[in-house]
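Everything below concerns the one structure shown next.
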Amino acid sequence: MLTDEKTFVERLRSLARVQNADVVREELSGVPVPDLAEGIERLDTEDAIALLYQLDEETAADVLVELPTEITKRLVSELPDTTLAHYLDILPMDDALELGEVLPEDRFEALLQVIPKEDALELRRALTYPDGSAGRLMTEDFFEVTPETSMRQIIRMIREASDEEYETVNDIYVLDEHKHLLGVFSLRQAVRAPVLSIAKEVMVEDVITCTPETPAETVARQIAKYGFYAMPVLDERGRMVGIFTVDDAQEVLEESATEDLLKLGGVSGDAESYLSLGVVQLVRRRLPWLLVLFVAEFFTGSVLRHYTGQSADGGKTILANLMLFIPLLIGAGGNSGSQVTTTITRALAIGEVHPRDGFAVMRRELGVASLIGGTLGLCGFLRAMLWGTDWHISAVVGLALPAIVIWATILGSLLPLGAKRFGVDPAVMSAPFITTFVDATGLIIFFEIARRFVQF
């Protein structure tokens, strides 16, 4: 924010109680919309609605665009249709469709009757595509020309177009009379080409495209890979129906990265602003995984009970000495597994690694795990000896550490790759899940090695 955050929020809270729209608009004149939205995000619902009512429809709509989705959902049902019509008209396609899921069907239909007919038709067409597809995010406002259009005509068309007519003019698409995509060239090429040259002489015919049904994340990663400003979207007949822009690609990738990060931390749900979520929503996002992990921890307890229950009275001292090293061992295993899981999940997410690369991944990770495990094993052995521990138990620690690290690495590598192969989000194999599983299985490895060196 441009001003002190606490002071600004208090100022907004006071203005929400002023029953004079002219005063409120004058006070907030010149405040950037993103700053205004950030302040409103920290107000309670009643004050936020009161303040939005005082703003002009266009500013209120701009603020709603900037607000997190969860907060917007709470506000839209209380706002007048005039504000929502402006809001719907300027919303990105995916947000506009999401608004349709929040509002009653009849009210959303009424709003579609108010906004420009072309925008309403575009929304209706987008509703026919699957959730999470390129068709839901594409825009139909792209710059198209015929093969015979000259560079002089193109420059004039751009100059005469309104700011709202095209989403972007970085790329110019050459279409035939049936809307089939023939080629594409950049605005830079158009400016540098002779003014009398025509589009078919400048265009590149080999164009990478997608369909409306292609997953948005797949398209976004292709745009990032090739450095495109936009990707043409073609229907099953090869007709161009829209473009998927780099802005949408960036948003999709950011949301995907955030969701994967949350899953790796054992948190479910979409990427929403923290302050936009209530206590109950936060509980719903965290509790399921914690319950799963809580149940999984019973396995760890069962392993301990199994081995301690088998110990004879004479082995209690040995077992007690072994127990001292359990936090060290399962900590090393859990951390190793988490590191590998995070690394492989990221590589899968950005397309650096594929399930077919499983052998190469395992070969590489086993080499890494052997070196790390050996180093940790030596450190563990020396540490145990320095504590005055019997050399047999020290040897158990020195052997168990590399074995557990290698086992954790195998799990941390294979589980995300296996999940991806079977169509499951690899991020589901979160670090807490791997850690919990390695805790239990690592104890088995530790005690089985110990049983072969010492009697307990």
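The values are calculated or read from the model by the stated rules, or taken from the named source; none is laboratory data. Not measured: the values here are computed from a predicted model. For neighbour counting, all protein chains shown are included, and Cβ atoms are generated from backbone atoms with ideal geometry for every residue, glycine included. In case anyone asks, the SASA skips ligands and DNA or RNA and just uses the protein heavy atoms, side chains included. Shrake-Rupley method; radii C 1.70, N 1.55, O 1.52, S 1.80 Å.
Tabulated data for the structure shown
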quantity	calculated
Residue count, region 364-403 (criterion: open to solvent by 70 Å² or more (accessible area, probe 1.4 Å) and among the β-branched types (Val, Ile, Thr))	2
Of the criteria (1) under 30 Å from Leu322 (Cα atoms); (2) crowded, with 21+ Cβ neighbours inside 10 Å, which one Thr345 fails	(1)
In region 58-89, the residues that are open to solvent by 30 Å² or more (accessible area, probe 1.4 Å) and either within 21 Å of Pro104 (Cα to Cα) or touching a residue at least 60 places away in the same chain (Cβ under 8 Å) (or both)	Val65, Thr69, Glu70, Lys73, Arg74, Ser77, Glu78, Pro80, Asp81, Thr82, His86, Asp89
Members of region 204-233 that are free of Cβ contacts under 8 Å to residues at least 60 places away in the same chain, surrounded by fewer than 20 Cβ atoms within 10 Å (Cβ to Cβ) and of a type outside the set (S, T, N, Q)	Val204, Glu205, Asp206, Val207, Ile208, Ala224, Tyr226, Gly227
Residues of region 327-357 that turn out to be in a helix (DSSP H, G or I) and farther than 12 Å from Gly412 by Cα, as a count	13
Residue check for Val424: buried (at least 17 other Cβ atoms within 10 Å of the Cβ), farther than 15 Å from Pro327 by Cβ and β-branched (Val, Ile, Thr)	no
Pair list, Cβ < 6 Å and 6+ apart or interchain, from region 242-262 residues that are within 20 Å of Lys420 (Cα to Cα) to residues that are modelled with pLDDT of 75 or more and not basic (Lys, Arg)	Val252/Ala216; Val252/Glu217; Val252/Ala220; Leu253/Ala220; Ser256/Glu217
